[in-house]
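Below: the structure, in structure tokens.
None of the figures in this text is laboratory data; all of them are computed from the coordinates on show. Source: prediction; values computed, not measured. Don't worry about glycine lacking a Cβ; one is built from the backbone with ideal geometry, like all the others, and counts go over all protein chains shown.
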Amino acid sequence: MPTYVLNINDRTVSVDAAADTPLLWVLRDELELKGTKYGCGKSQCGACTILMNGNAVRSCSLPVTAATKVKITTIEGLSPDGKHPLQQAWMELDVPQCGYCQAGQIMSAAALLARKPNPSDADIDAAMSGNICRCGTYNRVRLAIKRAAEKKGGKS
Amino acid sequence: MNTNEQAISRRSFIKASGLTGVALTLGFSFPSKAGDSPDILNAADAGSVELNAWISIDSAGKVTLTNHRAEMGQGSFQSVPQMIAEELEVDLNQVSIQFAPGNPGKYGSQITGGSSTIRGSYERMLRLGATAREMLIEAAAKKWEVPANQCYAENGKVFHRPSGRSMGYGELVTEAAKLPVPSAVKLKDPRDYKIIRKPLPRQDNPAKINGQAIFGLDKRVPGMLFAVVERNPRFMGKVKSFNSDEVLKLPGVKYVMKVERDVFGNLLEGVAVIGDSTWSALQGRKALKVEWDDNGFEHLSTQQLYDRMRTDLKSRKFISARTQGNFDSLFDKAEKKVEALYETPYESHSNMEPLNCIADVKDDSCEIWGPIQAPDWIQGATAGFLKLPPEKVTVHMTFLGGGLGRKAFTDYPYEAVALSKAIKAPVQVVWTREDDMTMGPFRPGMVYQCRGAVSRGNRIAALEIIAAGQNMNTQEPGADKSAYNLDVVDGLLKPYFDSIPHYRFGDAPLEAPIPVMWWRSVYASTNGFAFESFFDEMAVAAGKDPLDFRSQHLGEARYQALIAKLREVSHWDGRKKNEGYGVSITECFSSIVGEVCKVSRNAAGKVRIDKVWAVMDCGWYVNPDIIRAQVEGSIIMALGAATKHATTFLDGKAVEHNFDTYKMGRIGEAPDIEVHIMDNQERAGGVGEPGLPPFTAALTNAIFDLTGKRIRVLPFSLDEV
């Protein structure tokens with residue numbers, strides 16, 4: 001099996017994997033980074049969302065070959081202490097219910113705030129529409145994104 | 001709440017020792033009392049069961065509380081400890097919470113369904129916390145040589161009021177463990193609650209925002225392999241042959257073998273590919289070719305299923321479940337009659353975490369890990385399957401990425417156990433999204449035939465509702481199919497049974513080789529749509545305001561209070577032109593929920609939901625924010641089933657395979673929701689499910705109010721109204 005060198009959460013790691021292995025399964029089965037979730041396997045639900053060079057990407061559909069020479073951030077690397085403004089806002093508004101989709105929700109929101117520090121409702125709808133929450137936490141997700149934007153004071 | 005005389009057995013007091021310094025564990029025996037929650041889900045609580053450990057306090061004062069129920073988003077991880085901590089007088093933030101393993105002997109019923117966690121156990125949990133508190137107070141009083149009634153407990157310490165002295169629980173546990181267990185303890189007045197009724201943040205959420213929470217799919221066991229299973233898409237068919245030789249050549253693939261799973265007593269078949277990683281197993285499965293034997297049963301399509309249900313209703317082939325008076329003669333003579341047919345689709349649970357389970361079968365024991373709603377049932381089923389005593393089967397609950405009823409069933413652990421037994425190694429069976437969505441068991445599709453007569457006084461004079469559809473309760477081979485199904489009245493507000501003089505509820509069971517089962521709020525999830533749509537149609541026939549019409553049939557104070565609240569918060573009486581308002585009220589798992597939906601047309605002329613108001617009366621309750629969250633989520637789930645997704649069948653197979661065809665509501669479609677909670681002295685009712693049944697009719701009644709168009713078939717598209 002070929003070896004791939006990846007930059008994940010500011011650390012360089014090398015993994016042996018079949019070339020067609022999606023990054024999702026490399027993260028989960030090889031690197032023990034299990035905060036990134038499997039939900040649909042075809043970019044329909046967003047549970048596997050990670051950041052690739054700051055953009056929200058569905059890792060279930062990203063072959064490991066495409067994940068080299070880029071900067072990958074997973075939920076485990078979003079902040080060193082779990083205190084990213086989004087994570088704080090998520091706590092304050094008690095957003096999660098079952099919690100399974102929430103890492104993906106937070107990663108999509110992180111990409112949004114980096115791009116649009118003060119997102120409108122339409123911005124949130126557009127950026128978050130790829131993330132399904134079966135528990136129906138959507139209204140709290142929206143509020144938490146706005147709360148996090150306030151915390152960041154309009155800075156990306 | 002009064003002093004409770006329920007005996008707490010002395011044997012429940014265990015003095016333990018060890019390196020952790022745990023000095024005290026306290027448990028209690030469940031009462032032999034079936035009256036709390038008369039549904040099947042709590043039946044296992046009815047007998048007196050063994051003793052157990054719920055609270056442990058070590059000599060450093062560290063408190064660990066046990067949650068015996070599954071955490072699938074509904075909040076038991078918070079609510080169970082919140083109840084115990086209140087009476088124990090400890091700060092919930094200083095407490096560790098652990099899941100109990102499956103053990104009905106110790107914990108009573110653990111099946112997390114029927115919204116039963118709090119309503120089925122709250123009095124016991126409060127009593128348990130209070131008993132431990134009183135013993136710790138007694139221990140302190142003895143040490144200080146003062147009367148116990150001069151002492152009180154607060155924040156993990158016992159205080160002596162006159163002197164101001166205090167001691168932490170950790171210093172008292174050894175002494176407390178030696179004391180006799182008081183036969184009666186006084187529970188706190190709800191007005192004195194410090195923790196209960198407060199919107200405390202959930203204790204599971206820190207781990208759910210940083211990727212640390214362990215769901216079933218995240219669990220790893222040393223040496224474990226990964227399995228995926230190609231299951232017969234027509235459910236009941238058999239495996240004829242498969243190409244194991246080719247598949248075994250692929251990298252990482254270790255085994256290819258036939259596997260069965262028990263679905264309501266039927267052994268359904270598939271072929272498992274077991275590899276050293278999820279991906280290798282998935283790749284192996286891609287190369288797998290299975291030939292099925294699908295003889296001996298019908299391969300039905302949605303069209304045929306619904307044609308049969310309609311035909312059964314038309315030919316009046318049904319079983320009466322509950323009747324009063326003489327519907328037929330009243331209806332025949334009535335001047336104002338209403339008749340309608342309502343149809344609801346089959347649905348998949350489609351939890352965000354697809355099914356999965358790890359089993360590690362050894363010669364004389366078995367260990368199971370997974371997202372499991374019913375650890376006690378799985379322990380029992382596995383013990384039976386492996387012919388082991390139950391205590392040799394350990395079932396660990398992880399966090400559940402949703403449950404919705406699907407993870408209460410035992411088929412997916414069965415499969416994992418069967419595979420682990422065959423390969424003599426721990427194995428995680430991973431269901432793909434497609435497996436999870438197409439294999440069922442599904443919420444059954446239903447057709448409701450409703451007939452009603454309106455009296456001269458513009459009340460309901462007679463009502464008949466016959467529900468056609470597969471009966472969830474009679475799928476086992478040999479089940480008595482002639483029995484009536486009382487679940488067909490689930491969702492109906494109880495006072496209607498008194499205020500409607502002549503009624504008949506019945507069911508027309510459909511036979512089909514499709515596994516069906518509970519889906520959040522079970523029968524009420526579809527009954528509620530039929531009942532509350534039809535009441536709306538009768539209100540129109542009676543020429544009455546829909547809320548007034550309901551109010552005149554619901555005279556009891558509890559229902560009147562809820563209606564008044566709903567009227568107030570929704571500004572029902574201040575409705576404007578070009579706004580559609582719809583109301584719907586249902587009763588489910590001992591809670592009453594009323595919802596009002598407001599709709600209008602947007603600039604493009606499409607119907608949009610402006611707002612939903614919900615009033616939840618769940619009686620005694622624990623955490624108002626969790627209640628709000630559950631009602632918000634229930635409404636959004638109901639909206640999806642009403643307007644977005646359905647499972648259909650073609651040639652005996654489920655058609656919708658993934659979220660591209662089974663479409664979920666997205667963030668932009670979530671309406672504004674405002675939830676109110678009634679405060680009263682009623683017993684605790686359910687929280688996780690009762691918010692779902694009323695929503696759909698509130699929406700479609702609002703659409704009727706706005707457009708004059710009555711929606712009777714689900715799902716429908718909001719864009720096409």
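Here are some notes:
- Sorting the segments B:136-144, B:392-400, B:306-314, B:593-601 by their mean number of nearby beta carbons within 10 angstrom, highest to lowest, gives B:593-601, B:392-400, B:136-144, B:306-314.
- Rel. contact order, % - alpha carbon contacts under 8 angstrom, at least six apart, the stretch A:85-152: 54 percent
- Footprinting exposure proxy for B:Glu134, A:Glu32, B:Glu689 (fewest neighbouring C-beta atoms within 10 Å first): A:Glu32, B:Glu134, B:Glu689
- Neighbouring partner chain Cβ atoms per residue of A:10-20, average, 10 Å criterion: 1
- Across the alpha-carbon set of the protein assembly as shown, the Rg to Rh ratio works out to 0.97, Rh being the Kirkwood radius.
- Sorted on the mean count of surrounding Cβ atoms within 10 Å across their residues, most packed first, peptides B:163-170, B:528-535, A:143-150 read B:528-535, A:143-150, B:163-170.
- The order of A:Cys48, B:Cys151, going from fewest to most other C-beta atoms within 10 Å of their C-beta, is B:Cys151, A:Cys48.
- Amide H contacts of B:Lys254: B:Ile274, B:Gly275, B:Asp276, each under 5 Å away and 5 or more positions distant or on a separate chain (H built 1.01 Å from N in the peptide plane; Pro and chain starts excluded).
- A simple count of charges around B:Glu537, restricted to other residues whose Cβ falls under 13 Å of its Cβ and scoring Lys, Arg +1 and Asp, Glu -1, yields +4.
- By other beta-carbon atoms within 10 Å, ranking B:Ser116, B:Ser121 with the fewest at the front produces B:Ser116, B:Ser121.
- Considering the stretch A:85-152, its Cα convex hull presents a mean projected area of 3.7 nm².
- Relative contact order (percent, whole number), chain B, Cα cutoff 8 Å, 6+ residue spacing: 14 percent
- Applied to the stretch B:464-480, the Karplus parametrisation 6.51 cos²θ - 1.76 cosθ + 1.60 on θ = phi - 60° returns per-residue 3J(HN,Hα) values of 9, 10, 10, 9, 9, x, 5, 8, 5, 8, 10, 8, 5, x, x, 5, 6 Hz, with x for Gly and Pro.
- Net charge of neighbours whose Cβ lies under 13 Å from the Cβ of A:Ala89, counting Lys and Arg as +1 and Asp and Glu as -1: +4
- Spatially proximal lysines relative to B:Lys481 (Cα-Cα < 24 Å; intrachain offsets below 8 disregarded): B:Lys314, B:Lys317
- Within-12-Å neighbourhood charge of A:Val13 [Cβ basis; K, R +1; D, E -1]: -3
- When each of A:Lys34/B:Lys289; A:Lys146/B:Lys407; B:Lys106/B:Lys392; A:Lys146/B:Lys611; A:Lys152/B:Lys598; A:Lys42/A:Lys151 is checked by Cα-Cα distance, pairs over 25 Å: A:Lys34/B:Lys289; A:Lys146/B:Lys407; A:Lys152/B:Lys598; A:Lys42/A:Lys151
- Peptide B:199-208 has a mean of 5 when you count, residue by residue, the C-beta atoms of other protein chains within 10 Å of its C-beta.
- C-alpha long axis of helix A:138-152 to longest principal axis of chain A, angle in °: 90 degrees
- For the listed peptides B:180-192, A:52-64, a ranking on the average number of other beta carbons within 10 Å per residue, highest first, reads A:52-64, B:180-192.
- For the stretch B:339-350, Karplus couplings with θ = phi - 60° (6.51, -1.76, 1.60), whole Hz, Gly/Pro x: 9, 7, 10, 10, 10, 10, x, 5, 9, 9, 6, 6
- Whether chain B is rounded, prolate or oblate, judged on the alpha carbon gyration tensor where a/c under 1.5 counts as rounded: oblate
- Within 10 Å of the Cβ of each residue in B:665-674, the mean number of Cβ atoms contributed by other protein chains is 6.
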